[in-house]
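Visitor: One structure follows; several queries about it will come next.
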Amino acid sequence: MRVVVLTSDKYLPAVRPFAYLFGKYWGSDVPVTVAGYSRPNFDLPANFDFISLGRQEDYPFNKWSDALIKLLGSMIDEAFVLMLEDYWITRPVNRDAVQILFDYAVQFGYVLKIDICADRLYAFGTDLDYSHVAYLDLIKSMPGSPYHMSLYPGIWRRDNLLRCLVPGESPHELELVGTTRVSHLQDMIVLGTRQWPLKITLGLRGQDPNHINLEELSPEDVKAMQDLGYFKVYGDKP
């Protein structure tokens, strides 16, 4: 199971706290691919690798989906976890639960995405009694539910995601317009779970790469990353 992390030149410094918290709360044995543009000027953990999708200027905000399409075209993974660089993990991940959901997505070709946070749990119009797998209660995002294509952490089937992508969309357009597209598809579904395998905070709020949110991180983690100098690019404070 691979975790794919999308980033850009402006948000690349957020990968450092992402990697620190990932190693602490998910593990150093899980392969992580960071996909961005300019290569980082800092070292990544041994289980991380970096893929450059080209020049940042070739993929402006309104062509964000083009970069994702290019990335997926180069991947062979049947399914993967997709995250963004400021999805900072705040507590130990239920790795067993994530693996169960990953195996489910691989087994059933009609799955588009399985939410591993609580995005679908608190979405309007969700079937909370869809099914179960092992000890996990599966919930289904119904056609009228908003944000089927939410980019909150989830397990995606690569082939189905490619079907739902079109060139020339920003992340916001993908979530909004893409949700409408998915709502009309009869052969794939979006799932979630009543359980909460992964808990994150948005490290960068309001799309401001100069303002960090540390409120949901433990004081221990904040101090450790401050001591490592990870927040100096942000003025060393929220």
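Visitor: Note down the nm distance, to one decimal, between modelled labels 7 Å out along Cα→Cβ at Ser38 and at Arg55.
Guide: The modelled label-to-label distance comes out at 1.4 nm.
Visitor: Counting other beta carbons within 10 Å of each residue's own, what order do Tyr110, Tyr152 fall into, fewest first? Don't skip to the end; give the middle numbers.
Guide: Details: Tyr110 13, Tyr152 21.
So the residues, fewest neighbours to most, are Tyr110, Tyr152.
Visitor: Quick check on the exposure proxy: order Ile100, Ile51 from fewest to most C-beta atoms within 10 angstrom. Display every interim value, and only then the final one.
Guide: Numbers: Ile100 19, Ile51 15.
If I rank by nearby Cβ atoms, fewest first, I get Ile51, Ile100.
Visitor: With springs only between Cα atoms under 10 Å, which of Ser218, Ser170, Ser145 fluctuates most in a Gaussian network model of the chain?
Guide: Among Ser218, Ser170, Ser145, the largest mean-square fluctuation in the Gaussian network model of the chain belongs to Ser218.
Visitor: For region 3-234, what relative contact order do you get, as a whole percent, if you take Cα pairs closer than 8 Å and at least 6 residues apart?
Guide: Working: 434 pairs, mean separation 55.5, N = 232.
Relative contact order for region 3-234 comes out at 24 percent.
Visitor: With a Förster radius of 22 Å, plug the Cβ-Cβ distance of Lys10 and Lys70 into 1/(1 + (r/R0)^6) and report the FRET value to the nearest 0.05. Numbers along the way, then the final one.
Guide: Details: r = 19 Å, r/R0 = 0.87.
After rounding to 0.05, the efficiency reads 0.70.
Visitor: Sort Asp29, Asp119 by Cβ crowding within 10 Å, fewest neighbours at the top. Don't skip to the end; give the middle numbers.
Guide: Numbers: Asp29 9, Asp119 19.
Taking fewest neighbouring Cβ atoms as first place, the list is Asp29, Asp119.
Visitor: Now a separate question. Which FRET efficiency, nearest 0.05, do Lys223 and Gln186 yield, Cβ-Cβ r, R0 45 Å? Present the calculation step by step, with values, prior to reporting the outcome.
Guide: Working: r = 51 Å, r/R0 = 1.14.
The formula returns an efficiency of 0.30 here.
Visitor: Return the FRET efficiency for the residue pair Arg163, Arg205: r is the Cβ-Cβ distance, R0 is 30 Å, and the value is rounded to the nearest 0.05.
Guide: On the way: r = 32 Å, r/R0 = 1.07.
That gives a FRET efficiency of 0.40.
Visitor: So the label point goes 7 Å from the Cα of Lys63 along Cα→C-beta, right? Which residues of region 164-183 then have their backbone N under 13 Å from it?
Guide: In region 164-183, the label zone of Lys63 (backbone N under 13 Å from the point 7 Å along Cα→Cβ) covers 167-170.
FYI, it's all coordinate maths here, none of it is from the lab. Predicted model, so just to flag it, every value in this text is computed and none were measured. Reconstructed Cβ throughout: ideal geometry from the backbone, glycine too, with neighbour counts over all protein chains shown.
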